[in-house]
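*Asks:* There's a structure below that I have some questions on.
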């Protein structure tokens, strides 16, 4: 592997780990596989019930019409509800259905199990190193989130 530097290698490794975990989980799905964009929107709406399409688009850094398309897809699958805002007929608030909550919970539980299994396979030294990196990764995620919000406001 060419020397691309720690920051670039970290990004590539995090993406690879995420992709490999998703692949390992797809085998046991009870329903059709869910594209990452749909799952991200469901997670955002679950954390922010009543969020508007435009707000969700800003948080996810997507165009409003892209989020509207995702909302239509998820509503069609019975995973999301879009309700008109009584004060503003042009706006709609979003919420997830109990079915979506259950599906996300199942995915999260299964993902945690994959990580636990692989964690046990690591050496004590590797587990210690990864545990020590978690606070720095949290700070990196916070910086990336803040940068994303700053760009969205511009």
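*Asks:* Here are the criteria: (1) assigned to a loop (DSSP other than H, G, I, E, B); (2) at pLDDT 85 or above. Tell me which single one residue 44 does not satisfy.
*Replies:* Only one criterion in (1) assigned to a loop (DSSP other than H, G, I, E, B); (2) at pLDDT 85 or above is unmet by residue 44, namely (1).
*Asks:* Looking at the stretch 115-148 only, could you name the residues that are over 22 Å from residue 21 (Cβ atoms) and touching a residue at least 60 places away in the same chain (Cβ under 8 Å)?
*Replies:* 148
*Asks:* Mind counting the residues in the stretch 20-37 that are part of a helix (DSSP H, G or I) and free of Cβ contacts under 8 Å to residues at least 40 places away in the same chain?
*Replies:* 6
*Asks:* Kindly indicate which of 139, 116 is within 18 Å of the chain's Cα centre (by Cα), part of a helix (DSSP H, G or I) and more than 19 Å from residue 43 (Cα to Cα).
*Replies:* 139
*Asks:* Looking at the stretch 80-102, which of the residues that are touching a helix residue (DSSP H, G or I) at 6+ places or on another chain (Cβ under 7 Å) and either in contact (Cβ under 8 Å) with a residue 40 or more places away in the chain or part of a helix (DSSP H, G or I) (or both) is farthest from residue 41 (Cα to Cα)?
*Replies:* 92
*Asks:* As an exercise: evaluate residue 65 against (1) under 19 Å from residue 35 (Cα atoms); (2) assigned to a helix (DSSP H, G or I); (3) modelled with pLDDT under 95; (4) under 16 Å from the mean Cα position of the chain (by Cα) and give the number of the one condition it does not meet.
*Replies:* Among (1) under 19 Å from residue 35 (Cα atoms); (2) assigned to a helix (DSSP H, G or I); (3) modelled with pLDDT under 95; (4) under 16 Å from the mean Cα position of the chain (by Cα), residue 65 violates only (4).
The values are calculated or read from the model by the stated rules, or taken from the named source; none is laboratory data. Note that the coordinates shown come from a computational prediction; the quantities given were computed from them, not determined experimentally. Please note: Cβ atoms are built from the backbone with ideal geometry, for glycine as well, and neighbour counts cover all protein chains shown.
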